[in-house]
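The values are calculated or read from the model by the stated rules, or taken from the named source; none is laboratory data. Here the structure is a predicted model, which is why all the values come from computation and not from measurement. When we count neighbours, we look across all protein chains shown, and the Cβ atoms used for this are built from the backbone with ideal geometry, even at glycine. When the accessible area is computed, the model is the full protein with side chains, heavy atoms only, and any ligands, DNA or RNA have been set aside. Shrake-Rupley method; radii C 1.70, N 1.55, O 1.52, S 1.80 Å.
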Amino acid sequence: MEYAIRLKGLTKSFQKEKVLKNIPHDFEKGKIHGIMGFNGSGKTVMFKCICGFLQPESGTVLVGGKQIGKELDFPDSVGIIILKHRISDDDVRATMRALGLDPLSKKKVGQYSLGMRERLGIAQAIMEDPELLILDEPFNGLDKQGAGEVCELLRGL
């Protein structure tokens, strides 16, 4: 079995509060995984450790078999709303359309609804066709239909 991400004893604290406590988990490649937990339970901290934005105080994070912080500072092909400028303007517009956004709209992002902003964030994360996609609360602000549309899009990826 091939794993996209492997967490081994992942531990992270902020001051005296231990947010992640010896987390072991394997994420199989080619699957969609959901992480559920209460607000403040450490989901976003775990994602930031996986992406190399935070260093764990102990344990290891392996992405594509390489250790984050030792072999890689940041995983090479991850979609997390950071563009690496590997995409054409036509591909940007096509991705926006796939998420129900009008790339020719003159509406400023500041005027977008919460759901439209969420769709834009997902478009940014997927538009460069990453091997690994990390989405933190991807359905926040989406209505039932919008969440279904995004689910289908993600399954298709």
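The residues listed here are Leu62, Leu72, Leu20, Leu54; of these, the one that is touching a residue at least 12 places away in the same chain (Cβ under 8 Å) and within 16 Å of Pro130 (Cβ to Cβ) is Leu72.
With segment 1-73 as the region, which strands (runs of 3 or more DSSP E) entirely inside it contain at least 3 residues that are in contact with a helix residue (DSSP H, G or I) (Cβ under 9 Å, 6 or more places away or on another chain) and at positive phi?
none
Of all residues in segment 130-157, which are in a helix (DSSP H, G or I), under 28 Å from Tyr3 (Cα atoms) and open to solvent by less than 50 Å² (accessible area, probe 1.4 Å)?
Ala147, Gly148, Val150, Cys151, Leu153, Leu154
Across segment 42-66, the number of residues qualifying as closer than 21 Å to Glu28 by Cα, over 16 Å from the mean Cα position of the chain (by Cα) and open to solvent by 40 Å² or more (accessible area, probe 1.4 Å) comes to 2.
Here segment 14-40 is the region considered, the condition is being open to solvent by 100 Å² or more (accessible area, probe 1.4 Å) and aliphatic (A, V, I, L, M), and the residue that is nearest to Leu54 (Cα to Cα) is Met36. Under the condition of being outside any helix (DSSP H, G or I) and either open to solvent by 30 Å² or more (accessible area, probe 1.4 Å) or at pLDDT 90 or above (or both), the residues counted in segment 102-129 number 11.
Taken over segment 111-157, the criterion of being farther than 22 Å from Thr44 by Cα and among the polar types (S, T, N, Q) is satisfied by Gln111, Ser113, Gln145. Close contacts from segment 86-102, counting a first residue that is on the phi > 0 side of the Ramachandran plot and acidic (Asp, Glu) and a second that is open to solvent by 40 Å² or more (accessible area, probe 1.4 Å) and modelled with pLDDT of 90 or more, with Cβ to Cβ under 8 Å and a gap of 6+ residues or different chains, come to none at all.
Contact annotation: residue pairs with Cβ atoms under 9 Å, 6 or more positions apart or on different chains, pairing a residue in segment 109-136 that is of a type in the set (S, T, N, Q) with a partner that is open to solvent by less than 30 Å² (accessible area, probe 1.4 Å), are Gln124/Gly79; Gln124/Ile80; Gln124/Thr95.
Exactly one residue among Thr95, Thr11 is under 18 Å from Ile126 (Cβ atoms), polar (S, T, N, Q) and surrounded by 15 or more Cβ atoms within 10 Å (Cβ to Cβ), and that residue is Thr95. Would you pick out the residues in segment 23-32 that are aliphatic (A, V, I, L, M) and free of Cβ contacts under 8 Å to residues at least 40 places away in the same chain? Ile23, the sole residue that qualifies.
Return yes or no: is Ile87 within 25 Å of Ala123 (Cα to Cα) and assigned to a loop (DSSP other than H, G, I, E, B)? Show your work before the answer.
Values: within 25 Å of Ala123 (Cα to Cα): yes; assigned to a loop (DSSP other than H, G, I, E, B): yes.
It is true that Ile87 is within 25 Å of Ala123 (Cα to Cα) and assigned to a loop (DSSP other than H, G, I, E, B).
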